[in-house]
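Presented below is the structure to which this report refers.
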Ligand SMILES: [Zn+2]
């Protein structure tokens with residue numbers, strides 16, 4: 001069995017700058033998703049003759065922020081290049097992108113980004129335009145073209161082949177997503193906003209590219225599959241071809257692309273209609289002062305200020321929305337431990353029930369941060385126990401209503417009065433006399449009696465306290 005072949009994985013991530021108002025070189029909307037096909041287009045983004053690109057300055061700013069967060073060097077001078085190729089989704093027959101040549105580079109080079117226990121080098125970050133998209137017509141072999149997306153600004157982030165384990169790739173991608181969310185440059189929950197291609201080689205064998213992967217979870221799965229496939233081939237001394245493979249989501253396998261993709265000559269040349277862009281030190285300093293808090297700093301603040309554990313802080317900051325929700329709630333009622341614990345345990349489990357990730361859905365739940373703060377208050381002040389709190393929580397998540405009026409609160413109020421608890425126990429002892437006899441011989445049966453008491457009190461008594469009262473009562477019986 002071959003096990004020691006060094007696996008090398010590199011990534012190429014495309015991340016749309018969804019936070020911008022307009023496209024990269026024209027004033028069409030950056031948010032193309034809201035429009036009917038080919039409604040969000042103009043002569044510039046469809047490349048009609050005689051049109052001139054006008055560079056969106058905010059895109060430079062946002063891309064430079066991404067570079068700073070990835071510890072890249074930002075050169076003083078950047079240029080746009082034409083990458084020439086023919087494909088249906090590219091109306092101009094070239095894509096405006098960046099290229100590292102003649103001492104001029106893309107907007108960011110030679111960076112690094114830490115994740116989990118590891119770190120990956122960033123080869124380059126470049127700003128470019130997204131092509132349009134093809135939609136395949138069901139039941140027909142034809143397809144239609146929608147240019148609404150053509151010209152939407154993207155940053156392409158290319159890593160060195162520094163990953164050896166698909167699990168690390170997942171951690172890295174989660175970290176990257178959290179960074180672009182915190183920079184407010186990309187809403188990663190939008191379909192197609194972040195796309196990732198990966199390349200993988202084992203030992204001295206040739207590089208295989210994996211494309212068409214739509215989620216981070218699937219990137220990890222596709223790479224695991226590819227590792228197994230390539231190792232098996234090496235075991236049988238079969239040659240691994242350098243090729244592009246696509247991830248088949250349904251069958252959970254990678255397969256060779258139908259079209260054989262040749263190494264292309266894109267005939268890059270400088271876009272003559274966009275002058276070179278000067279980025280000076282003052283501009284970068286000003287940008288630096290405008291940088292929002294990044295996930296790593298935020299995690300430290302959560303640990304130091306809210307006294308949360310490293311683990312809980314990490315879970316919260318992985319999605320900006322989740323961390324924001326937590327902070328909004330903790331501002332209303334300062335019970336950070338209680339609130340974070342409700343989010344990372346109870347809310348997460350509701351989200352899992354719906355098989356959706358909480359991070360991307362928290363803004364859609366009906367419960368407001370204020371209602372969460374109120375539930376935390378009721379737990380902390382002993383008004384409700386955890387079980388009742390969970391019911392209230394579920395109710396609020398689903399309906400957006402929180403039962404807090406004093407009348408209803410009384411129904412949920414925890415029973416503290418020992419007399420009341422004892423009365424419930426006596427009732428159960430009367431109806432369950434056989435179980436009571438059993439319980440005297442077999443202590444496990446008292447749990448059954450406890451269950452009955454909890455049922456009778458609708459879970460409003462503390463189970464530990466009730467059990468000890470049951471055991472006391474059994475001795476008296
Ligand atoms: Zn346009």
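Values in this text are rule-based calculations from the coordinates and carry no lab data. Only a predicted model underlies this, so the values are computations on that prediction, with no experimental measurement involved. Please note: Cβ atoms are built from the backbone with ideal geometry, for glycine as well, and neighbour counts cover all protein chains shown.
Side notes on the structure shown:
- If the segment from residue 465 to residue 301 were pulled out straight at 0.36 nm per residue, it would be longer than the present Cα-Cα gap by 55.3 nm.
- Long-range Cα-Cα pairs in region 418-476 (distance over 19 Å), rounded percent: 14
- Sorted largest first, the spans of the alpha carbon positions of region 125-231 along the three principal axes are 42, 40, 22 Å.
- Here each label is just a point 7 Å from Cα along the line to Cβ, and for residue 458 and residue 112 those points are 5.9 nm apart.
- Pair residue 57, residue 285: separation of 7 Å Cα→Cβ label points (nm): 1.9
- FRET efficiency for the residue 100 to residue 273 pair, using the beta carbon distance and R₀ = 30 Å, is estimated at 0.90.
- The chain: mean projected area of Cα convex hull, nm²: 32.0
- Burial order of peptide ranges 296-307, 460-471, 384-395, 233-244 (average beta-carbon count within 10 Å, highest first): 384-395, 460-471, 296-307, 233-244
- Legend: ranking of residues 456, 308, 475 from fewest to most surrounding C-beta atoms inside 10 Å; resulting order 475, 456, 308.
- Every helix of 4 or more DSSP H residues in the chain counts as -39500 (n - 2.57), and over all residues that averages to -12000 deg cm²/dmol at 222 nm.
- Here region 1-126 yields Rg over Rh of 1.05, to two decimals, using C-alpha coordinates and the Kirkwood radius.
- Each of residue 403 and residue 370 was given a label point 7 Å from its Cα along the Cα-to-Cβ line. The distance between the two points is 2.1 nm.
- When restricted to Cα atoms, region 7-285 yields an Rg and a Dmax of 19.1, 59 Å, respectively.
- Helix 216-235 axis versus longest C-alpha principal axis of the chain: approximately 70°, rounded to the nearest ten.
- Rounded to 10°, Cα long-axis angle of helix 57-69 versus longest principal axis of the chain: 60
- What the Cβ-Cβ distance of residue 391 and residue 212 gives, at R0 = 56 Å and to the nearest 0.05, is a FRET efficiency of 0.80.
- Degrees, to the nearest 10: 369-380 long Cα axis against longest axis of the chain: 30
- Taken over the Cα atoms of region 304-345, the convex hull encloses 61 Å³ per residue.
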